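Quick notes on the structure that follows.
Values in this text are rule-based calculations from the coordinates and carry no lab data. Every value quoted in this text rests on a predicted model; they were computed, and no experiment measured them. All Cβ positions, glycine included, derive from the backbone under ideal geometry; neighbour counts span all protein chains shown.
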Amino acid sequence: MKNYRIALLPGDGIGSEVMEAAWPVLQTVAERQGFSLEGDWLPWSCDYYLKHGTMMPADGVEQLRAFDAIYLGAVGLPATVPDHVSLRELLLAIRQGLDLSVNARPHRLLAGVKGPLRTDRPFDILCIRENTEGEYAGAGGRVHRGGELEVAVETAIFTRAGVERVLRHGFEQARLRGGKLASVTKSNAQRHSMVFWDEMTDRVAADYPDVAVTRYHVDAIAARMITHPETLDVVVASNLFGDILTDIGAAIQGGLGFAASANINPAGGVPGMFEPVHGSAPDIMGLGLANPLATLWAGALMLRHLGEIAAAEALMAAIEKVTATGAGTPDMGGDLSTTQLAAAVTAAL
Ligand code: GGG
C-alpha cells in the first residue's frame, strides 16, 4: 500500500484545533482510497520559540525535505512573540527555504454557502500569488532608530526567474481552466518592478496564444472581485497584492473559514505546504469555534498535489455534502463545534 509521510505543523492558536480535527478525516479518506498517510507532529510554534529562542530548529527546512508534503495550521501569537518574528521565522522561512514560489488559492462558494455578495452569479477564481520574493523578500533596513531622522526601507525584489515562473504557472493553470488570465500590477505608479511585471507577462503570453490576458491594476481588480467576480478566472499577482486579494477572495466565498492555500514549487523535488489562509485567531482559541473547512480543503489540495485525485475529489464532495445541509460552525451560522463539523465530513465520505 502506498504510504505518504506528512509533516504536521499545527503552529499556534486555533492551528492545533483545526489540524487535530482535520487530520483524522484525511486519514479516513486515504484508508477508503487504498493508501495511507503517516503524520509526524512537529511542535514548531510561538511556544517552541519561548523555549528555544527560534520558531523551528536551525535545520528545520532540511528536516522538512524528507516528507512528501507539509500540512500547516496557523502561525502567530502576538501576545508572546511579535508577528513579524513568528511569520518570518516559520511560514516565510519554509516558503523561501523550499522555494515554494507559487501560492495557489481557490475562491468559490461551496454548495449551500451564501456569500456576502448581492450577485447570485457563480464565480470560480484561482488566485496565484508569487510566494518567495516581491514585497515579502525581507530586504531593507532601519537607521537612526528612535531618532528624528529615523528611516525604514522595505525593498521589493522582482527577479526575472521569479516573475517568469509564477506567470508561467498561471498560464498553465489558465490553459487547464477557462483560458483566461488576469495579470495584476500597479504599473501606473510603480514604474520599475510593475512595468517589468507587465513586460514579463507579454513575454510569457507569447507562449500561450490560446490564453486571453487582461491586465488589471490591483485597486481595480480588488473592486472587480466584489462587483463582478464571475468575470475572473486565473488571477496572478505579486506576494503582497496576492496576499490582499486572497483575503477579498476569502470574504466573497463566505469568510476566512473557507479559504485554502497550496504553497508549491512547480519544478517539483520538494514537498508542497498546504494550509488554511486564516491565521491563529487567538480571540477564539480553545473554544471549539474554529471552522475546520479551510484546513480540510487545504487537505484536498494536498491529496491532489500528491496525485491522489480520487481522494481529493471524495473529500471535496463530502465537504460540500455537509455544507449543502446548512450545518456548520458559528461563523457559518451553525452551532457545530470544530470537531463536530469535521466528524460530519467524515460521516459524509
Ligand atoms: N495559515 C497560516 C497562517 O497562519 N497565516 C497567517 C498569515 O498571516 N499569513 C500571511 C501569508 O500568508 O503570507
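Summary table below
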| quantity | calculated |
| --- | --- |
| Amide H partners (placed H, <5 Å) of G334, local residues excluded | G328, T329 |
| Distance histogram for segment 183-328 (every C-alpha pair counted, 10 angstrom bins, percent rounded to whole numbers) | 10, 30, 36, 20, 5, 0 |
| Whole-Hz couplings from phi, Karplus 6.51/-1.76/1.60, listed for segment 245-262; x for Gly and Pro | 4, 6, 6, 5, x, 4, 4, 6, 8, x, x, 5, x, 10, 8, 10, 8, 10 |
| Coordinate range along principal axes, alpha carbons of segment 122-268, Å, largest first | 53, 36, 33 |
| Computed label-point distance, nm, for sites D40 and T231 using a 7 Å Cα→Cβ extension | 4.9 nm |
| Cα gyration tensor category, rounded, prolate or oblate, for segment 59-113 with a/c compared to 1.5 | oblate |
| Neighbour net charge for S86 - beta-carbon separation under 11 angstrom, K R +1, D E -1 | -3 |
| All-pairs Cα distance distribution in segment 22-72, expressed in whole percent, bin size 10 Å | 21, 41, 26, 11, 1 |
| Placed amide H near A212: partners under 5 Å, 5+ positions off or other chain | K180, L181 |
| Which of A251, V25, L181, positive extreme of dipole for the chain (C-beta unit charges) | L181 |
| Inter-centroid distance (Cα atoms) of segment 109-130 relative to segment 1-58, Å | 28 Å |
| Label-to-label distance, nm, for residues given as D124 and K2 (7 Å Cα→Cβ offset) | 2.4 nm |
| Qualifying aspartates and glutamates (Cα of each under 17 Å from Cα of K180; at least 8 residues distant if same chain) | D124, E172, D198, D202, D207, D210, E230, D233 |
| Relative contact order of the chain, pairs being alpha-carbon contacts under 8 Å that are 6 or more residues apart, as % | 23 percent |
| Over segment 299-349, volume per residue of the alpha carbon convex hull, in Å³ | 68 Å³ |
| Three principal axis lengths of the chain [C-alpha, angstrom, descending] | 54, 50, 41 |
| Packing rank of 148-160, 311-323, where each peptide gets the mean count of other beta carbons within 10 Å, highest leading | 311-323, 148-160 |
| Karplus 3J(HN,Hα) series, Hz, for segment 98-114 with 6.51 cos²θ - 1.76 cosθ + 1.60 (x for Gly, Pro) | 9, 6, 7, 7, 10, 10, 9, 10, x, 10, 7, 7, 6, 3, x, 8, 9 |
| Interchain or long-range residues, amide H under 5 Å from S238's placed H | E130 |
| Note, ³J(HN,Hα) from phi for segment 204-218, Karplus 6.51, -1.76, 1.60, rounded to Hz, x at Gly and Pro | 5, 4, 4, 7, 10, x, 7, 9, 7, 10, 10, 8, 10, 7, 4 |
| Dimensions (Å) - segment 264-332, Cα atoms, principal axes, largest first | 39, 29, 14 |
| Dimensionless Rg/Rh of segment 72-195 - Kirkwood Rh, Rg from C-alpha atoms | 1.04 |
